[in-house]
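A.B. asks: Handing you a structure now.
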Amino acid sequence: MRGKGLILFVVAAMLLLLPGCNLIHHDKEPLDPSKPVTVIVWHYYNGHIKDTFDALVANFNETVGVQRGIVVDAQSLGDVEQLANAVYDAANKNIGSQRLPDIFMAYPDNAYRIQTVTELANLEELFSKEELERYRAEFLKEGRFGKEQHLKILPIAKSSEILYVNKTFWDKFSQETGADIQKLKTWEGLIEISKLYREHTGKAFLGIDSSANYMLLSGMQLGTEIYSFEDDSVRLNFTENVAKTIWDYYYIPYIKGYFEKSGRFSSDDAKTGTVLAYTGSTAGSGYFPTEVTVQQDEVYPIEPMTLPYPYFSKGKPYAFQQGAGMCVTKSDKAHEFAAGVFLKWFTEPSQNIEFAVSTGYFPVMNESLNGKLLQEEQTKIGSSNRAIPEMIDSTLQMFQTHILYFNKPFKGSYEMRLLLESNLFNKITRDLELLDKRVANGEERTKVIDSLVSDSQFDRWYEQIKKEGSLILGE
């Protein structure tokens with residue numbers, strides 16, 4: 001009996017050393033309800049999204065947390081950038097920084113940046129293969145990086161981008177001009193409609209919320225990803241063809257007044273009638289205006305219309321997959337396991353559908369991405385904004401017709417994202433100011449525009465952004 005007991009002890013000890021074995025199976029969990037562990041979560045939720053998240057955390061603490069010995073302490077650290085910087089400072093142990101949390105929200109580029117400083121938990125050691133198979137494959141794929149492609153980010157709620165349209169104003173414009181709604185499917189058609197709208201009303205038709213997403217998706221839709229990946233190295237693959245298409249379909253329409261973005265978000269411009277349509281996050285559907293205030297005494301109630309993200313007719317329909325996930329920091333088995341328990345609970349349909357629909361995101365499990373379930377939850381919540389159910393229908397349709405793309409993380413991806421987001425749009429802002437100044441000094445507007453959108457100006461911008469990108473990537 002003694003020898004048998006020794007063998008059992010050795011086998012048990014070996015099992016504990018196997019990666020994840022003692023973390024996945026509940027009968028070996030390193031938790032004690034009489035001595036609860038505190039799991040600190042850092043996120044960037046604010047407003048009603050924070051309230052919803054806090055309510056779910058409280059629900060967890062009062063039920064599963066009590067039973068298993070887990071207390072989740074959720075803390076908002078402001079916006080996305082503030083959270084990313086706080087986590088990075090904590091990972092580097094900078095003066096004045098806080099201790100790293102057990103769980104933090106992150107986009108792939110910042111998670112990759114953190115991974116270069118401190119180790120993140122491999123979530124395959126906290127989740128079984130069967131558990132991970134319940135999540136939509138593309139959502140999980142976004143959280144894998146590094147040579148081993150370990151899962152470092154768990155999706156908790158995802159979003160995409162779609163086209164939002166002021167249906168009330170569109171119907172009137174269409175009746176007066178014969179504008180065809182089918183044109184809104186492609187970028188070529190959108191330019192045509194935007195030109196017609198500008199000529200008919202003197203206003204811009206479209207706003208684009210994310211410059212980086214537009215540029216990255218343009219490359220994918222045209223068949224050439226902006227980055228080339230080989231082993232562990234990344235090179236800029238910003239071809240002249242892709243760059244010229246972006247110039248023609250993004251820069252020039254802004255300079256000619258077909259597009260405009262003056263507010264922080266394009267939904268702000270839609271509220272004032274500055275634009276009739278915009279591309280924006282599905283998570284922002286609740287911000288689509290219910291009325292347009294052109295002037296203080298000129299207010300019009302409007303109806304929403306949503307459509308899948310536009311694509312180039314000569315390319316493939318790609319849409320962006322976005323939304324931060326949750327990372328677990330390496331600490332001790334009890335805290336890592338407790339973090340896994342909370343994340344499993346949070347992404348179960350019963351919790352995840354409620355959170356996703358109430359915040360404008362999409363749940364992450366295959367069984368949760370069901371139009372009927374999402375609409376039922378939306379009815380239960382009872383939001384008066386009709387853009388939300390419209391968005392749900394359009395996005396689920398888009399999930400079937402479009403290829404979902406995400407920006408893979410790599411060394412310098414965070415900085416490259418900032419470059420793509422600001423470079424061309426900042427140039428547009430400067431050039432529009434220059435345009436107004438030159439016209440005010442007596443130059444003919446058409447001639448100034450022609451000089452700004454010339455091939456020589458394109459060449460200058462193209463070489464400049466390639467140079468900046470190559471410096472970031474260390475080429």
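Condition check ((1) aliphatic (A, V, I, L, M); (2) assigned by TED's automatic domain parsing to the domain that holds Trp247; (3) more than 24 Å from Gly257 (Cβ to Cβ)) across all residues:
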{"site": "Asn423", "(1), (2), (3)": "no, yes, no"}
{"site": "Glu443", "(1), (2), (3)": "no, yes, no"}
{"site": "Val448", "(1), (2), (3)": "yes, yes, no"}
{"site": "Asp455", "(1), (2), (3)": "no, yes, no"}
{"site": "Trp461", "(1), (2), (3)": "no, yes, no"}
{"site": "Glu468", "(1), (2), (3)": "no, yes, yes"}
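A.B. asks: Then there's this: For the stretch 394-432, what are the residues that are polar (S, T, N, Q) and either assigned to a helix (DSSP H, G or I) or touching a Cys at 6+ places or on another chain (Cβ under 6 Å) (or both)? Can you show your working first?
C.D. replies: Narrowing the stretch 394-432 to residues polar (S, T, N, Q): 394-395, 397, 400-401, 407, 413, 422-423, 426, 429.
Ser394, Thr395, Gln397, Gln400, Thr401, Ser413, Ser422, Asn423, Asn426, Thr429, listed by residue number.
A.B. asks: Can you tell me which condition Tyr249 does not meet? The list is (1) under 16 Å from Ser313 (Cβ atoms); (2) under 21 Å from the mean Cα position of the chain (by Cα), and all the others hold.
C.D. replies: Condition (2) is where Tyr249 drops out.
A.B. asks: Turning to a different aspect of this structure: Sort through Val117, Val71 and tell me the only one that's in a strand (DSSP E or B), farther than 22 Å from Phe406 by Cα, touching a residue at least 12 places away in the same chain (Cβ under 8 Å) and of a type in the set (A, V, I, L, M, F, W, C).
C.D. replies: Being in a strand (DSSP E or B), farther than 22 Å from Phe406 by Cα, touching a residue at least 12 places away in the same chain (Cβ under 8 Å) and of a type in the set (A, V, I, L, M, F, W, C) holds for just one of Val117, Val71, which is Val71.
This table checks each residue for (1) over 24 Å from the mean Cα position of the chain (by Cα); (2) touching a residue at least 40 places away in the same chain (Cβ under 8 Å); (3) surrounded by fewer than 13 Cβ atoms within 10 Å (Cβ to Cβ).
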{"site": "Leu373", "(1), (2), (3)": "no, no, no"}
{"site": "Ile381", "(1), (2), (3)": "no, no, yes"}
{"site": "Arg386", "(1), (2), (3)": "no, yes, no"}
{"site": "Met398", "(1), (2), (3)": "no, yes, no"}
{"site": "Gln457", "(1), (2), (3)": "yes, no, no"}
{"site": "Ile465", "(1), (2), (3)": "no, yes, no"}
{"site": "Gly469", "(1), (2), (3)": "no, yes, no"}
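A.B. asks: Looking at the stretch 136-156, can you tell me whether even one residue there is of a type in the set (Gly, Ala, Ser), farther than 30 Å from Ile392 by Cα and either more than 20 Å from the chain's Cα centre (by Cα) or part of a loop (DSSP other than H, G, I, E, B) (or both)?
C.D. replies: Step one: of the stretch 136-156, the residues of a type in the set (Gly, Ala, Ser) are 137, 143, 146.
Pick out the ones that are also farther than 30 Å from Ile392 by Cα and you get 146.
Pick out the ones that are also either more than 20 Å from the chain's Cα centre (by Cα) or part of a loop (DSSP other than H, G, I, E, B) (or both) and you get 146.
Yes.
A.B. asks: Here's something else I'd like to know. Restricting the search to the stretch 139-182, which residues are surrounded by fewer than 17 Cβ atoms within 10 Å (Cβ to Cβ) and not assigned by TED's automatic domain parsing to the domain that holds Pro349?
C.D. replies: Hits for the stretch 139-182 are Asp171, Lys172, Ser174, Gln175, Glu176, Thr177, Gly178, Asp180, Ile181, Gln182.
A.B. asks: Could you please find all residues in the stretch 333-361 being part of a loop (DSSP other than H, G, I, E, B) and at pLDDT 95 or above? Give the steps one after another, and end with the answer.
C.D. replies: Taking the stretch 333-361 first, the residues part of a loop (DSSP other than H, G, I, E, B) are 348, 360-361.
Of everything in the stretch 333-361, just one residue is part of a loop (DSSP other than H, G, I, E, B) and at pLDDT 95 or above, namely Glu348.
A.B. asks: A further question on this structure: Within the bounds of the stretch 257-276, is there any residue that is in contact with a helix residue (DSSP H, G or I) (Cβ under 7 Å, 6 or more places away or on another chain) and closer than 30 Å to Lys411 by Cβ?
C.D. replies: no
A.B. asks: Consider His48 against the criteria (1) over 22 Å from Ile153 (Cα atoms); (2) modelled with pLDDT of 90 or more: it satisfies all of them except one. Which criterion is unmet?
C.D. replies: (2) is the only condition that His48 fails.
A.B. asks: If we scan the stretch 211-218, do we find a residue that is crowded, with 19+ Cβ neighbours inside 10 Å, over 28 Å from Asp268 (Cβ atoms) and of a type in the set (A, V, I, L, M, F, W, C)?
C.D. replies: There is no residue in the stretch 211-218 that is crowded, with 19+ Cβ neighbours inside 10 Å, over 28 Å from Asp268 (Cβ atoms) and of a type in the set (A, V, I, L, M, F, W, C).
A.B. asks: Additional query: Looking at the stretch 291-305, can you tell me whether even one residue there is surrounded by fewer than 19 Cβ atoms within 10 Å (Cβ to Cβ), among the aliphatic types (A, V, I, L, M), in contact with a strand residue (DSSP E or B) (Cβ under 8 Å, 6 or more places away or on another chain) and outside the structural domain of Glu142 (by TED's automatic domain parsing)? Don't jump to the end; show me each part of the working.
C.D. replies: Initial filter on the stretch 291-305 (surrounded by fewer than 19 Cβ atoms within 10 Å (Cβ to Cβ)): 291, 293-301, 303.
Next cut, among the aliphatic types (A, V, I, L, M) only: 294, 299.
Filter once more, so that each one left must be in contact with a strand residue (DSSP E or B) (Cβ under 8 Å, 6 or more places away or on another chain): 294, 299.
Retained after the next criterion (residues that are outside the structural domain of Glu142 (by TED's automatic domain parsing)): 294, 299.
Yes, the stretch 291-305 has at least one match.
A.B. asks: Output the residues belonging to the stretch 183-193 that are over 27 Å from the mean Cα position of the chain (by Cα) and crowded, with 17+ Cβ neighbours inside 10 Å.
C.D. replies: Ile193
A.B. asks: For Gly223, work out the one condition from (1) of a type in the set (Gly, Ala, Ser); (2) farther than 19 Å from Pro304 by Cβ; (3) assigned to a helix (DSSP H, G or I) it doesn't fulfil.
C.D. replies: (3)
The values are calculated or read from the model by the stated rules, or taken from the named source; none is laboratory data. Because the structure is predicted, anything quoted here is derived from the model rather than measured. Neighbour counts run over all protein chains shown; Cβ positions are idealised from the backbone, glycine included.
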